[in-house]
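This report refers to the structure that appears directly beneath it.
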Amino acid sequence: MNIEKYKQLITELAPYDARLVAVSKTKPVEDILQLYNTGHRIFGENKVQELVSKYEALPKDIAWHLIGHLQTNKVKYVAPFVSLVQSVDSLKLLQEIDKQAAKNNRIINCLLQVYIASEETKFGLDETELETLLSSSEYRKLQNIRICGLMGMATNTDDETQIENEFANLKRIFGSIQARYFTHAPYFCELSMGMSSDYHLALKHGATLVRVGSILFGSR
Ligand SMILES: *Cc1c(COP(=O)(O)O)cnc(C)c1O
């Protein structure tokens with residue numbers, strides 16, 4: 001856990017009004033506690049089982065973000081406590097989150113994950129799929145989820161121009177979706193993009209949340 005890097009990162013984010021999601025996947029609870037003790041509260045995990053066991057072991061005022069692919073049959077394990085599901089990539093998943101949120105008497109905040117990279121391995125919806133989802137009568141019925149914005153991952157490449165184009169495209173999609181579906185919904189305000197290698201580019205293009213792991217906690 002690199003506290004100096006953390007402080008530097010917080011200083012870098014401040015002028016952009018962006019917040020840090022400290023991605024603690026594979027790292028022990030001791031590392032998380034160390035950052036927690038400096039006052040940090042937003043942590044991200046990509047696996048349900050690991051998220052649940054860390055939730056149980058750590059202080060309850062941590063805001064846990066799920067940033068990895070979520071299977072519908074695992075929603076029930078995170079529904080009682082998750083603060084933001086950043087990786088919603090289907091209507092079916094959204095419906096299950098809504099159902100489990102209702103069972104827990106809460107509203108679960110979600111981001112829709114958008115496919116912006118040129119790699120085939122990344123999850124997410126394309127722009128047409130986003131619009132189809134948000135226009136559907138099934139979506140409009142959901143009472144226990146709130147779509148707070150979009151999340152995306154750029155291609156894993158050294159080509160900064162390509163990465164910037166992908167982030168700029170996500171920002172454009174965000175604006176278009178906001179104007180069409182969320183005009184009177186101030187909660188639709190989050191744009192989650194940027195990781196250790198490219199958060200500085202994401203900030204230039206309007207990220208409000210950056211998900212940074214390895215430069216804080218060391219490589220995995
Ligand atoms: C692991 C992960 C990150 C953080 O990656 P680093 O390179 O360690 O900063 C961000 N977003 C997602 C979806 C991840 O799975």
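3J(HN,Hα) along the stretch 92-109: 4, 5, 4, 5, 5, 4, 4, 4, 6, 5, 4, 4, 9, 6, 9, 10, 9, 6 Hz, from the Karplus curve 6.51 cos²θ - 1.76 cosθ + 1.60 with θ = phi - 60°, whole Hz, x for Gly and Pro. For Glu190, neighbours were defined as the other residues whose beta-carbon sits under 13 Å from its Cβ, and their charges (Lys and Arg +1, Asp and Glu -1) total +3. Modelled label positions at Leu33 and Asp126, each set 7 Å beyond Cα in the direction of Cβ, lie 4.8 nm from each other. Proximity of backbone amide H atoms, modeled 1.01 Å from N, is registered between Val88 and Leu111, Gln113 at under 5 Å, excluding neighbours fewer than 5 places apart on the same chain. Take the Cα of Asn169, step 7 Å toward its Cβ, do the same at Glu138, and the gap between the two points is 2.6 nm.
Our coupling estimate for the stretch 23-31, obtained by passing each phi through the Karplus curve with A = 6.51, B = -1.76, C = 1.60 and θ = phi - 60°, is 8, 9, 3, 6, 8, x, 4, 4, 5 Hz, Gly and Pro reported as x.
Annotation for the stretch 1-108: GluC sites (Glu not before Pro) lying in DSSP loop with at most 15 further Cβ atoms inside 10 Å of their Cβ do not exist. Note: relative contact order over the chain, using C-alpha pairs below 8 Å and six or more positions apart, is 21 percent. Rolling a 1.4 angstrom probe over the chain with all protein chains present gives an accessible area of which 48% lies on carbon and sulfur atoms. Using a Förster distance of 30 angstrom, determine the FRET efficiency expected from the C-beta separation of Ile107 and Asp158, and round it to 0.05. With R0 = 30 Å, the Cβ-Cβ based efficiency is 0.15. Among the trypsin sites (Lys or Arg not before Pro) in the stretch 67-109, those placed in a DSSP loop whose Cβ has at most 15 other Cβ atoms within 10 Å are Arg106. Annotation for the stretch 107-141: chymotrypsin sites (Phe, Trp or Tyr not before Pro) lying in DSSP loop with at most 12 further Cβ atoms inside 10 Å of their Cβ do not exist.
Note on Glu12 and Gln71: their simple-model spin labels are 3.5 nm apart, each label 7 Å out from Cα toward Cβ. A straight Cα-to-Cα reach below 22 Å connects Lys27 with the lysines Lys5, Lys7, Lys47, Lys54, Lys60, Lys74, residues fewer than 8 places away in its own chain not being considered.
What does the helix-only formula give at 222 nm for the chain: each DSSP H stretch with n ≥ 4 adding -39500 (n - 2.57), the total divided by the residues, and the result rounded to the nearest 500 deg cm²/dmol? About -12000 deg cm²/dmol.
Classify the chain as rounded, prolate or oblate, taking a ≥ b ≥ c as the square roots of the eigenvalues of its Cα gyration tensor: rounded when a/c is under 1.5, otherwise prolate if a/b is larger than b/c and oblate if not.
Oblate, because a/c is 1.5 or more while a/b does not exceed b/c.
Solvent-accessible surface of the chain, averaged per residue with a 1.4 angstrom probe and all protein chains in place: 48 square angstrom.
The values are calculated or read from the model by the stated rules, or taken from the named source; none is laboratory data. These numbers come from a predicted model, not from an experiment. All Cβ positions, glycine included, derive from the backbone under ideal geometry; neighbour counts span all protein chains shown. We work out accessible area using only protein heavy atoms, side chains counted, and drop any ligands, DNA or RNA first. Shrake-Rupley method; radii C 1.70, N 1.55, O 1.52, S 1.80 Å.
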